[in-house]
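> This structure is in structure tokens; I'll ask about it shortly.
The values are calculated or read from the model by the stated rules, or taken from the named source; none is laboratory data. Computed from a predicted model, the values in this text were never measured in an experiment. So basically every Cβ, Gly included, is an ideal-geometry build from the backbone, and we count neighbours across all protein chains shown. Quick note on the areas: whole protein, heavy atoms, side chains included, nothing else; ligands and nucleic acids left out. Shrake-Rupley method; radii C 1.70, N 1.55, O 1.52, S 1.80 Å.
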Amino acid sequence: SPGESAIAAAEALAELWVRQAVPAGRRRAAFNLDPIGNLARFGGAGEPLVAALDRAARFASHPRWREGAITVLSADGRPYHEAGGSEAQELAALLATTVSYLRALEAVGVPPANALPRIEFALSADADLFLTIAKLRAARRLIWRVADAAGAGLATGRIRLAVMSSARMMTRHDPWVNMLRTCAAGMAAAMAGADSITILPFTSALGRPDAFARRIARNTHVVLAEESGLGRVADPAGGAWYQEALTDELARKAWSEFQAIEAAGGMTAALHAGFVQDRIAAVAADRAKAI
């Protein structure tokens, strides 16, 4: 998670690969260049977003990233989730960011079919098991719809969905209950077919976690994978009427939100105008009032 230092970090890793003679086919990385996500999370950047987008796209277009399991850009819905957005808004932001990156890559000569595998798609998972499963399943459907419209539907078979347990669900008071929340989030992410899962330590809301909190986070992955065997069944929620109906409803709402962002000029223009922030703030206020 290098933020604005992503290109420097990627160059350092590439140099290390060469120095240690790592074969191209064995190189694995997610560089996570995300200028739009940085703008959304921090409200600004070290350079204008147009310049940052062009620099990221040109870096992502380099031929050396074609071999191995490497993603360069990250379309990240998590900043919008952590700001209090709904599941539909998180998905819509992910789609709008994806479209922006596809356009930026196409501008430097990378067609959508080649661009999609260079993008990692990041979402959050929280303790609402069924809604998280529906969100991640809807994400693949929506990404396919965007890719298909760009003539790159087949490329969605190579996309990577990276999921992290939600930071906004973590409590500072009696943090031990966070172990249950992160376990449920990890379970939902696995059942929904995430390609990678990151579970936050249960004390993360209190600051830097100690060795015990980090060990519990790691062991939650181990128990879910090895003892519960969640990776042994493909799409266990598929075909369940409630889950399918929820996935369909969420996908439709997310697509409507995505269309609203595109009508506002796309993700970059919508962020600069405060359009996305205002819509998320309204949802967050309603949730806070309900709580």
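> In the set E82, E120, E106, E87, which member is open to solvent by 40 Å² or more (accessible area, probe 1.4 Å), of a type outside the set (K, R) and under 13 Å from the mean Cα position of the chain (by Cα)?
Answer to the check: E82.
> Determine whether segment 38-59 contains at least one residue that is within 14 Å of the chain's Cα centre (by Cα), under 18 Å from I7 (Cα atoms) and surrounded by fewer than 23 Cβ atoms within 10 Å (Cβ to Cβ).
Yes.
> Go through segment 1-107 and tell me which helices (runs of 4 or more DSSP H), entirely inside it, have 1 or more residues that are β-branched (V, I, T).
6-19, 35-42, 49-60, 87-107
> Out of all the residues in segment 236-276, which are under 18 Å from the mean Cα position of the chain (by Cα) and open to solvent by 30 Å² or more (accessible area, probe 1.4 Å)?
Result: W255, E257, T268.
> Which one is most open to solvent (accessible area, probe 1.4 Å) among residues in segment 60-79 that are of a type in the set (S, T, Y) and more than 24 Å from G274 (Cα to Cα)?
S61
> Could you give every pair whose Cβ atoms fall below 6 Å, whose first residue belongs to segment 177-202 and is touching a residue at least 24 places away in the same chain (Cβ under 8 Å), and whose second residue is open to solvent by less than 50 Å² (accessible area, probe 1.4 Å) and of a type in the set (D, E), counting only separations of at least 6 or pairs across chains?
Every condition considered, the pairs that remain are A185/D126.
> Given the conditions (1) touching an Asp or Glu at 6+ places or on another chain (Cβ under 9 Å); (2) open to solvent by less than 10 Å² (accessible area, probe 1.4 Å), report the number of the one that A167 does not fulfil.
Failing condition for A167: (2).
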